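Let me begin by presenting the structure, written as structure tokens, before commenting on it.
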Amino acid sequence: VVSKERGGEEEYFAEAKADWRRSALTAGGEAQASLWASAQRAREEIFGKRIFVRGVIEVGNFCRQNCAYCGMRRENDALRRFRLARDVIRRVIDESLPSSVTDLNFQAGEDPVALKELVLPVIEEIAKEKRLGISVCLGTVDHRLYDELRQAGARGYIIKLEIGDPEQYRLLQCPGTIERRLEAIRYLVRTGWYVSSGFIYGLPNQTLDQLIGTLDLLRSLTLRGCSVSPFIPGEGTPLFSEKRADLDQTLNAVAVLRLSSPRWVVPAVSALNLCDSSGYVRALRAGANLATINLTPSEWRGDYQLYRRKRWIMTEERVLQAIAQAGCRPSPESWIAASSSFSS
Ligand code: SAM
């Protein structure tokens, strides 16, 4: 019997009693098909066929962090660094915003200058003018800056935990310290932000125990959403010669997030399409419920290099096509506006 409350988790439990997440993360064949189908049903019980559509503007690639996996790490001297001008950002919002976009996300390397001089003033302006859910993904910064962003009108903060294992977190030079990252997440939750976190799947030497620990840690935070990004060896990083994450297993992790926290917003990330051109659609079929249209002006996209200079860009056309192929439709409501009605 599928419990409405648990969004289908029991259905999968029945098949894999001992530790369902362990079996689920490594599932293949029929077990995998049934896992993804359960996750899809769990999503539909809460959200119907609606997929949230947000636009992202990558406003700059300066970064004071040095994450071993990320092409924007401060020691990557080969990268041409940029910050968009305010009027360029405004032009994107005023002239190129697709009608399907209900949310706008501002993303950058960890760069308080971009935060203060670009993102804050732009949010102050558009929060008054436009009916958009506004979120940011700007890293671990002073509490005062979080407060200022919120006063300006931002409501969602995307801050990935990246890795929940303290030793791996340190070894892979993830942002600051894990204690500080967790403290930032908790502060954001406490001060009323809608917080979405996330982790990277398939990093070198990542174990099943570490993944389960990461999932437990994420569930202990009061999140509105969570993403799984497949590890892609990044150009200009110490991990460039490592193996890429397995797409099917990454999708298993998407399904696990949906089944263990049915009300979370779980994005389909564009890196999935670097694994396989069907990756994005398949994430929507495995329980994801948010799609992102890239709005960064084309002159700068290549420099926003998390993985490779050659990127897979999710245009409006590709996003709408993926949503339709997954048998869904774009949500007319922003995830932030809708969030209060499906918060867990
Ligand atoms: N700097 C901000 C922060 O710390 O939250 C913004 C996000 S950062 C620019 C972009 C995200 O890309 C990271 O949070 C990380 O999860 C992901 N990322 C970077 N390199 C990656 C890689 N090689 N494989 C998978 N995900 C990666």
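Coordinate-derived values only; no laboratory data. Owing to the predicted nature of the structure, the values given are computational and were not obtained by experimental measurement. Here Cβ is always computed from backbone atoms with ideal geometry, including for glycine, and neighbour counts include all displayed protein chains.
Brief remarks follow.
- Spacing of the two label points (7 Å from each Cα toward its C-beta) at residue 30 and residue 317, in nm: 4.2 nm
- Full extension of the segment from residue 248 to residue 75, taken as 0.36 nm per residue of separation minus the current Cα-Cα distance, would add 59.1 nm.
- Alpha-carbon centroid distance for the pair the stretch 21-89 / the stretch 96-169, whole angstrom: 15 Å
- As a rough footprinting exposure proxy, the listed residues 144, 81 were ranked by other beta carbons within 10 Å of their own, and the order from fewest upward is 144, 81.
- DSSP finds beta bridges in the chain, and of those with both partners inside it, around 5 percent are antiparallel.
- The stretch 50-342, relative contact order in percent, only Cα pairs under 8 angstrom and at least six apart counted: 25 percent
- 16 Å tail of the calculated P(r), the stretch 292-339, as % of Cα pairs: 54 percent
- Length added when fully stretched, residue 324-residue 276, from 0.36 nm per residue minus Cα-Cα: 15.5 nm
- Zero-based 10 Å bins, Cα pair distances in the stretch 197-248, whole percents: 23, 47, 26, 4
- Temperature 10 °C, viscosity 1.306 mPa s: under these conditions the Stokes-Einstein estimate for the stretch 50-342, based on its Kirkwood radius over C-alpha pairs, is 84 µm² per second.
- Computed on the Cα atoms alone, the convex hull of the stretch 220-344 gives a volume of 128 cubic angstrom per residue.
- Once the Kirkwood radius over Cα pairs is known for the stretch 93-201, the Stokes-Einstein relation at 20 °C and 1.002 mPa s delivers a diffusion coefficient of 146 µm²/s.
- Extension gain, residue 142 to residue 91: 0.36 nm times the residue separation minus the Cα-Cα distance gives 15.5 nm.
- Computed E for residue 64/residue 179 - FRET, C-beta separation, R0 22 angstrom, nearest 0.05: 0.75
- Between residue 333 and residue 241, the distance separating the two model label sites (each 7 Å from Cα on the Cα→Cβ line) works out to 5.3 nm.
- Student exercise, the stretch 79-224 dipole from Lys, Arg, Asp, Glu Cβ charges, in Debye to nearest 20: 260 debye
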